[in-house]
There are 4 protein chains.
Amino acid sequence: MVQNTVQLKVNWGDTDMAGIIYYPNYFKWFDIGSLTLVNELGLSVINLMQEDKIGLPLLDAGCRFRKALLYNDEIRVVSRVTEVNEKTFRVEHEVYRNDEMTGNGHELRGWVQFDEFGNLKAVPIPDEVRKLLTEDKVLST
Amino acid sequence: MVQNTVQLKVNWGDTDMAGIIYYPNYFKWFDIGSLTLVNELGLSVINLMQEDKIGLPLLDAGCRFRKALLYNDEIRVVSRVTEVNEKTFRVEHEVYRNDEMTGNGHELRGWVQFDEFGNLKAVPIPDEVRKLLTEDKVLST
Amino acid sequence: MVQNTVQLKVNWGDTDMAGIIYYPNYFKWFDIGSLTLVNELGLSVINLMQEDKIGLPLLDAGCRFRKALLYNDEIRVVSRVTEVNEKTFRVEHEVYRNDEMTGNGHELRGWVQFDEFGNLKAVPIPDEVRKLLTEDKVLST
Amino acid sequence: MVQNTVQLKVNWGDTDMAGIIYYPNYFKWFDIGSLTLVNELGLSVINLMQEDKIGLPLLDAGCRFRKALLYNDEIRVVSRVTEVNEKTFRVEHEVYRNDEMTGNGHELRGWVQFDEFGNLKAVPIPDEVRKLLTEDKVLST
């Protein structure tokens, strides 16, 4: 189980007129969490896209919100690969403010080839990638 | 079951370098769908917040992504209230491009009182609101 | 002078904890205004990008904010091409809530070729495009 | 002249289908730069808003874009208070990737009282704030 942690801050623009975090931002953080994890594994998200025409689009995502985050809160997004299937993988995310989990959720992502017409087709996750994603390793950013 | 439909367009800024929609935008659309539905029912989201100190924060949200949306796609967000509990309600959302459902998901929202210190406390959904949310009615925006 | 108008609404997520619009949204609207204008002229932004490798990146942008926009305000973004130079063009934008101008500004955009390595190079605006951009025409979306 | 520097990263969701930064993000960074500077001076943006009903809304903003930023670029936003007027102040921002300035611009912000009805009224910047904003000091975040 590979795990990575990203440190972020709640910006003014991340709040809404209720004075608390606007919830779609959680999914921005999940996206940052997953892509940082992939980069930290040595699999450059950029190279995957530009050289191999491989993208990691979402199939499913969800979040349970537990505590209202506020402007200027410092948060940690802890992301773990919890499943590696033939053509998809699952990342679970937990968001913490100090020791308090304020929300947690998941992403199910495909391993997808983009053709020259912009069409997407799921393809098998290569063995060397599978190996990296299933390692037992704590990364840190 | 109250239902409402909002027409939207995929903007350039809603895409990312993969050339398709950046997925957290789906949750922005769900938020627009739910709040528009509440407004269309005659329950002003603004008055709830400013006069009654009532907000509708998220407890849970999820989405299944089926087709990649592209820049300039015209979409319809169809939102239905599918559950009204004591202090929470559930809205299910479907996003369509023409007749094709490109994604669908849900939000579970609380009926919450904000106190003067910014604390949130779930309170019972008033009967008149419950009545409105559980009506069998198709709104259109 | 080509002119185009786009109708938009201020969403909940466009506000911040001050209860008014979060200002970078004005530039999202300017971007929507310019690209819609280009599309409405019959110059598909998508085809320019995908077939001709032509993009319209920003060189300069600015906005003067006059009135605070609020959640649910209905706005009109009026965009006019006011200058067409050899390799750049300028669009001026006015944002209205009813008859009140709430803000106005500009964008200076380049006519830019993307090469296969992702490098950008300004190139002359083709004559047929120049003709379209300098026409005296009121489009409406 | 107070100066502050914030370190940020270009996220996947900050790009658009042209493969480069979506330009309104520059203004998000300017906003982060200014508010961080105010916080670092010991003037809590939150307390100003919640206790004194003072906000810092934008009157004017602009940016010149020099180089295209890409996904995963590490940037520094250097923000300087360059003018403190009776009821407004100006912050100039420079964005760097390593030693290269990729864009620079300004914000003119008001010192504004919010009344209980949500109306905004510019009021004189208090002397103790003026003193802090005009100090010659390099902060670092």
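Before moving on, here are some points about what is shown:
- Residue within region B:73-90 that is touching a strand residue (DSSP E or B) at 6+ places or on another chain (Cβ under 7 Å), farther than 23 Å from A:Glu107 by Cα, within 13 Å of chain A (Cβ to nearest Cβ) and not β-branched (Val, Ile, Thr) present: yes
- Of all the numbered requirements in (1) open to solvent by 20 Å² or more (accessible area, probe 1.4 Å); (2) touching a Ser or Thr at 6+ places or on another chain (Cβ under 8 Å), C:Asn11 misses one, and that requirement is (2).
- Residue, most open to solvent (accessible area, probe 1.4 Å), within region D:18-36, restricted to residues that are facing another protein chain (nearest Cβ under 7 Å) and not in a loop (DSSP other than H, G, I, E, B): D:Lys28
- Cross-chain or 6+ apart pairs with Cβ under 6 Å, region A:103-129 first and free of Cβ contacts under 8 Å to residues at least 24 places away in the same chain, then open to solvent by 40 Å² or more (accessible area, probe 1.4 Å): A:Lys121/A:Gln113
- Residues located in region B:5-17, provided they are of a type in the set (Ser, Thr, Tyr) and either more than 10 Å from every other protein chain (Cβ to nearest Cβ) or farther than 25 Å from C:Thr36 by Cβ (or both): B:Thr5
- Filter pass, A:Arg97 being farther than 24 Å from B:Arg64 by Cα, at pLDDT 95 or above and away from chain B (no Cβ under 14 Å): yes
- Among the residues of region B:125-134, the ones that are assigned to a loop (DSSP other than H, G, I, E, B) and surrounded by 14 or more Cβ atoms within 10 Å (Cβ to Cβ) come to 1 in all.
- Yes/no for C:Lys67 being more than 29 Å from D:Leu70 (Cα to Cα) and over 16 Å from the mean Cα position of the chain (by Cα): yes
- For region D:86-102, a residue qualifies if it is closer than 21 Å to D:Tyr23 by Cβ and either touching a residue at least 40 places away in the same chain (Cβ under 8 Å) or not charged (D, E, K, R) (or both), and the qualifying residues are D:Val91, D:His93, D:Val95, D:Tyr96, D:Asn98, D:Met101, D:Thr102.
- Considering region C:75-124, the residues that are more than 19 Å from C:Cys63 (Cβ to Cβ) and of a type in the set (D, E, K, R) include one that is surrounded by the most Cβ atoms within 10 Å (Cβ to Cβ), namely C:Lys87.
- Among residues of region A:20-37 that are without any contact (Cβ under 8 Å) to a residue 24 or more places away in the chain, those with a Cβ under 7 angstrom from a residue that is among the acidic types (Asp, Glu), sequence gap 6+ or separate chain, pair up as A:Tyr22/A:Asp14; A:Tyr22/A:Asp16; A:Pro24/B:Asp31; A:Asn25/A:Asp14.
- Scan of region B:37-57 for residues that are open to solvent by 20 Å² or more (accessible area, probe 1.4 Å) and either at the interface with another protein chain (Cβ under 9 Å from one of its Cβ atoms) or among the β-branched types (Val, Ile, Thr) (or both), ordered by number: B:Asn39, B:Ser44, B:Ile46, B:Met49, B:Gln50, B:Leu56, B:Pro57
The values are calculated or read from the model by the stated rules, or taken from the named source; none is laboratory data. Please read all numbers here as calculations on a predicted model, not as lab measurements. A quick note on method: Cβ atoms are made from the backbone with ideal geometry, for glycine too, and the neighbour counts reach across all protein chains shown. Ligands, DNA and RNA are excluded from the accessible area calculation, which covers all protein heavy atoms including side chains. Shrake-Rupley method; radii C 1.70, N 1.55, O 1.52, S 1.80 Å.
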